[in-house]
Amino acid sequence: MELSTAEQIGTLIRNLRKAQGLTQQDIAQRIGTSYSYIGRLERGENNVTIETLEKVAIALDMNFFEMLSYAGQKEDDLMHGILGLLRTQDQQTKEKIFIIIQSILEMNQKSKL
């Protein structure tokens, strides 16, 4: 059974929130609502307004369109976790991490040859 749009948006919010290690209470405090409302959003029980989505995006340290760009992606929890960790780093640290990951993948590829 396919999820409704409200459920898909809720799942997106939950995945992004968890990837950043945030609780429903954290998001609720940042946007000025209750954690139970965030829970209802994440379960797709409420139709969310664009205004609320913008607030949630800001609470997740991203803009509205960046948040929506994750919609429909089939990344697993590990990938969401990695992205959440990276999002909290400054640009210089992200560049260093990229170089490290690239080196590891190159070594892995060479070991397969």
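Residue 61 meets each of the listed conditions (1) farther than 16 Å from residue 20 by Cβ; (2) at pLDDT 85 or above apart from (1). Only one residue in 67, 79 is of a type outside the set (Gly, Ala, Ser), under 19 Å from residue 7 (Cα atoms) and at pLDDT below 90. Which one? When all the criteria are applied, what remains is 67. A Cβ distance below 8 Å, combined with a sequence gap of six or more or placement on separate chains, defines the contacts here; from the range 97-110, residues that are touching a residue at least 12 places away in the same chain (Cβ under 8 Å) reach no residue that is part of a helix (DSSP H, G or I) and of a type in the set (Asp, Glu). All of (1) in contact with a Lys or Arg (Cβ under 7 Å, 6 or more places away or on another chain); (2) within 21 Å of residue 3 (Cα to Cα) hold for residue 59 with one exception: (2). Checked against (1) in contact (Cβ under 8 Å) with a residue 24 or more places away in the chain; (2) surrounded by 15 or more Cβ atoms within 10 Å (Cβ to Cβ); (3) not in a helix (DSSP H, G or I), residue 33 passes all but condition (1). Here the range 1-24 is the region considered, the condition is being within 16 Å of the chain's Cα centre (by Cα) and free of Cβ contacts under 8 Å to residues at least 40 places away in the same chain, and the residue that is surrounded by the fewest Cβ atoms within 10 Å (Cβ to Cβ) is 23. Before we move on, is residue 51 under 30 Å from residue 90 (Cβ atoms), of a type outside the set (Phe, Trp, Tyr) and touching a helix residue (DSSP H, G or I) at 6+ places or on another chain (Cβ under 9 Å)? No; evaluated as a whole, the condition is false for this residue. Applying the selection to the range 1-26, what residues are within 17 Å of residue 71 (Cβ to Cβ), out of contact with any Phe, Trp or Tyr (no Cβ under 8 Å at 6 or more places or on another chain) and in a helix (DSSP H, G or I)? Across the range 1-26, the qualifying residues are 5, 6, 7, 8, 9, 10, 11, 13, 14, 17, 18, 19.
On the given criteria, is residue 66 touching a helix residue (DSSP H, G or I) at 6+ places or on another chain (Cβ under 6 Å) and surrounded by 12 or more Cβ atoms within 10 Å (Cβ to Cβ)? Criteria not met by residue 66.
The values are calculated or read from the model by the stated rules, or taken from the named source; none is laboratory data. As the structure is a prediction and not an experimental result, all values here were calculated from the model. Because the Cβ atoms are built from the backbone with ideal geometry, glycine has one as well, and the counts that use them run over all protein chains shown.
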